[in-house]
Amino acid sequence: MRTPFSRGRRPTAGRLPGDPGQPGAGSPRQSGGAGRARRRGGALLLGAAMLATLGLTACGSDDGGDSAAPTPATSFAPGTTMARLHDAGKITVGTKFDQNLFGLKNLSGKPEGFDVQIAEIITDALGIPRDKVNFVETVSANREPFIQQGRVDMVVATYTINDKRKKVVDFAGPYYVAGQSIMVAKKNTDITGKDSLAGKKVCSVSGSTPAENIRKVAPAAHLVLFDVYSKCADALKNGQVDAVTTDNVILLGLIDKDPDAFKLVGGTFTREPYGIGIKKGDTAFRTFINDTLEASYSDGRWAKAFSSTVGKVEPNTPTPPPVDRYTS
């Protein structure tokens, strides 16, 4: 990954102070030997400066490291969110911290997963170094407030695009389409899908689309709500609930962490397009993100991000969904 050139003054090939005829020289005339020595010294300094600049560019990481990002291919119009973020050299991104494969804090305290890598595709295009991307936790219930209050610049957090949310925030994407499913204990034989949830305790997350969906498709189920899905998994393992429902890939991430405890039943019964949430009405930023996503579809970055994360449990890399350039 290339490190941008410094914006400081570049070395020039003009005369150095002390050269004959240069204003400010200590003496109007120099001896031939002294003048040639100074000119040779100036040329060496100029060459060293140019090599140092080229060296900085060549030494930039190309392996997705944390310290640098590619220089954006285009400049940004003044007054846009892109220009503001690029000039600030930093960004705040909301994501999940408890969802394996999408957004999960690792041992070093940094989140990792498909959502994190999708966010970095966007921040790279803004020219923001990886170590200047501040990831903050956004649970399902606070994603819209965090965007509206300006606490984050965007949210990439298994964030389903729907008409209710589009009334208060805007979405770029989708960049992935999931489907809601049911997870039960590995030894459970009573629950085979959404149609066998009557009278059962079913866990989901407050403020989530799956919680709303299960009320409609299984109205006789007893819904138990937590703030994060990892608590639902703990409750299922401890026998406090009978099932957990959310998007299939989120459940696959929970199963991946504890394969002997859980299983999926019944297949999927909804379509959940994941989008990138931003402030309502920021059309230019939404267009920029959509353009960047489409570029990543074409050049293989999206597929690489998927295969290194979700691909661990879903080996068949899907075709990326077309972005929805709806009118806000």
Least to most buried among I122, I191, by other C-beta atoms within 10 Å and fewest first, runs I191, I122
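Please order Y176, Y326, Y229 by the number of other Cβ within 10 Å, starting at the fewest. Walk me through the numbers before you get to the answer.
Working: Y176 22, Y326 10, Y229 29.
Listing Y176, Y326, Y229 from fewest to most nearby Cβ atoms yields Y326, Y176, Y229.
Report the local net charge at S296: Lys and Arg +1, Asp and Glu -1, summed over other residues whose C-beta lies under 14 Å from its C-beta.
Result for the neighbourhood of S296: -4.
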Around V202, under 12 Å between beta carbons, what's the net of Lys plus Arg minus Asp minus Glu among the other residues? +3
Give the separation of the Cα centroids, region 190-205 to region 109-126, in Å. 34
Tell me, T292, T192 in order of fewest to most beta-carbon neighbours within 10 Å? T192, T292
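Once the other residues with Cβ under 15 Å from the Cβ of I278 are scored (Lys, Arg +1; Asp, Glu -1), what is the net sum? Write out the running numbers ahead of the final one.
On the way: positive: R84, R143, R151, R165, K166, K167, K279, K280, R286, R325; negative: D115, E144, D153, D170, D282, D291, D324.
Computed value for this residue: +3.
Given a cut-off of 28 Å, name the pairs among K164/K263; K257/K304; K90/K257 whose C-alpha atoms lie farther apart than that in the structure shown. Let's see the in-between values first.
On the way: K164/K263 31 Å; K257/K304 22 Å; K90/K257 33 Å.
As for pairs spanning more than 28 Å Cα to Cα, those are K164/K263; K90/K257.
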Please give the length that would be gained between T317 and A261 if that part of the chain were fully extended, namely 0.36 nm times their separation in residues minus their C-alpha to C-alpha distance (nm, one decimal). 17.6 nm
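We did not get these values from a lab; they are worked out from the coordinates using the rules stated. Because the structure is a prediction, the values reported are computed rather than measured. Backbone-built Cβ (ideal geometry, glycine too); neighbour counts: all protein chains shown.
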